[in-house]
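One structure is given below, encoded as structure tokens.
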Amino acid sequence: MGSTAEVVVFGPQPDELAAWAVTEIERLEASWSRFRPDSELSLLNRGADRPAVVSTTLWAPIAAAARAWTETGGIFDPTILGTLQALGYDRTFAELPADLGPGPHPALVVGFGQVGLDPDRREVTLPAGVGLDLGGIGKGLAADLVVDELVRRGARSVAVSLGGDVRVGGEGPHGDGAWHVPVVRPTDETVLGTFPLVDEALVQSTVCYRTWRGADRQLHHLIDPRTGWPAETGLAAVVVTGPDAARSEAFAKAALIAGPVDGPALVDGAGLDGWFIATDGTVTGTPRVAADLDAVGRSSAPTSLLASRPPSLLAGAESS
């Protein structure tokens, strides 16, 4: 999925639990990554235009993507793969040149509604020439699955960060029973403050990190399916918190694409909370967290456990 992963576990036999988590993340990566030519997703994408029965492992993020597509009114759409590739993002970001030179206008996104899904058979039929990119929602779902299973296996407290999407479970290590997760403003890399997480997720979607130049313009990987171009809405990032990372990730991405007016309404209407960071660095929040945002903005730099953790555990350190 092209991201850094970090797992923090407290409880009996933490080394064994952490080793299982790393193995499980690698297993999900081997199934879901579009950057691995031998992954199950890559095989599915190459077999477009004919039905394919997929494993339960791959069906999970496809089903999550289908739900997110419906809930966001199509703004979250994983059929953007062809557009991303046309814009040059056809390899891992580490391999992508900073400037690809001139290029053609990308084709419009076909739309996830054209994908055939048979849940009883776990059968997927992609239209000819269409591929899926499950990177963002896959990171969130992987964090959810790993955290839930680590808790089931006896972990007392767990935090998993996949590309800046953070999901925690169990009793938090701080005095209030929470994980205090720092939130980074990607426009200047400052820490806005910390947010207390208890058995929930905090994710960030941003246009600031994965950028390159091509087609005679500055590009990023968050594609507006309505135009086929990277979204240009005046938002640099959206941070969303909710019960699970997969759904929060989908709505963070959709809200950034929807923009500063429709985005907050989309997040609030989904029963999630979020903050919206404009390209000039200003921050606003959904109604339920507007007051909390001011407190977060005044809070000191993170202390205690997370202050000593690598920056990959920060929400937004490396986002989808």
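The values are calculated or read from the model by the stated rules, or taken from the named source; none is laboratory data. Please read these numbers as outputs of a predicted model, since none were measured by experiment. Cβ placement follows ideal geometry from the backbone for every residue including glycine, while neighbour counts extend to all protein chains displayed.
Here residue 139 fulfils each of the conditions (1) in contact with a helix residue (DSSP H, G or I) (Cβ under 6 Å, 6 or more places away or on another chain); (2) closer than 17 Å to residue 57 by Cα apart from (1). Within the stretch 133-156, residues that are without any contact (Cβ under 8 Å) to a residue 60 or more places away in the chain sit with their Cβ atoms under 7 Å from residues that are surrounded by 23 or more Cβ atoms within 10 Å (Cβ to Cβ) and not aliphatic (A, V, I, L, M), at 6+ positions apart or across chains, in these pairs: 147/167; 147/169; 148/169; 151/169. Sort through 244, 268, 262 and tell me the only one that's modelled with pLDDT of 90 or more, under 29 Å from residue 213 (Cβ atoms) and surrounded by 14 or more Cβ atoms within 10 Å (Cβ to Cβ). Just a single option satisfies the conditions, and that option is 262.
Of the residues making up the stretch 225-235, those that are crowded, with 20+ Cβ neighbours inside 10 Å and free of Cβ contacts under 8 Å to residues at least 60 places away in the same chain are 231, 233, 235. Filtering the stretch 109-161 to residues that are assigned to a strand (DSSP E or B), in contact with an Asp or Glu (Cβ under 6 Å, 6 or more places away or on another chain) and within 23 Å of residue 36 (Cα to Cα) leaves only 161. For the stretch 9-44, filtered to residues that are among the hydrophobic types (A, V, I, L, M, F, W, C) and closer than 23 Å to residue 79 by Cα, the residue that is modelled with the lowest pLDDT is 35. Here the condition is being farther than 21 Å from residue 61 by Cα, in contact with a Cys (Cβ under 6 Å, 6 or more places away or on another chain) and not hydroxyl-bearing (Ser, Thr, Tyr); of 215, 258, 231, 236, it holds for 236 alone. Taken together, the criteria exclude residue 53 from residues that are at pLDDT 95 or above, over 23 Å from residue 253 (Cα atoms), under 24 Å from the mean Cα position of the chain (by Cα) and among the β-branched types (Val, Ile, Thr).
Reported count of residues in the stretch 54-64, each being part of a helix (DSSP H, G or I) and of a type in the set (S, T, N, Q), is 2. If you go through the stretch 22-53 and keep only what is under 30 Å from residue 159 (Cβ atoms) and part of a loop (DSSP other than H, G, I, E, B), you end up with 33, 34, 35, 36, 39.
Conditions tested, residue by residue: (1) buried (at least 23 other Cβ atoms within 10 Å of the Cβ); (2) charged (D, E, K, R); (3) modelled with pLDDT of 95 or more.
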{"residue": "147", "(1), (2), (3)": "yes, no, yes"}
{"residue": "150", "(1), (2), (3)": "yes, no, yes"}
{"residue": "153", "(1), (2), (3)": "no, yes, yes"}
{"residue": "158", "(1), (2), (3)": "yes, no, yes"}
{"residue": "186", "(1), (2), (3)": "no, no, no"}
{"residue": "190", "(1), (2), (3)": "no, no, no"}
{"residue": "210", "(1), (2), (3)": "no, yes, no"}
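Within the stretch 28-46, the set of residues being loosely packed, with under 14 Cβ neighbours inside 10 Å and either of a type in the set (Gly, Ala, Ser) or under 22 Å from the mean Cα position of the chain (by Cα) (or both) comprises 37 only. Residue 132 meets all of the listed conditions (1) over 30 Å from residue 8 (Cβ atoms); (2) over 18 Å from the mean Cα position of the chain (by Cα) but one, namely (2).
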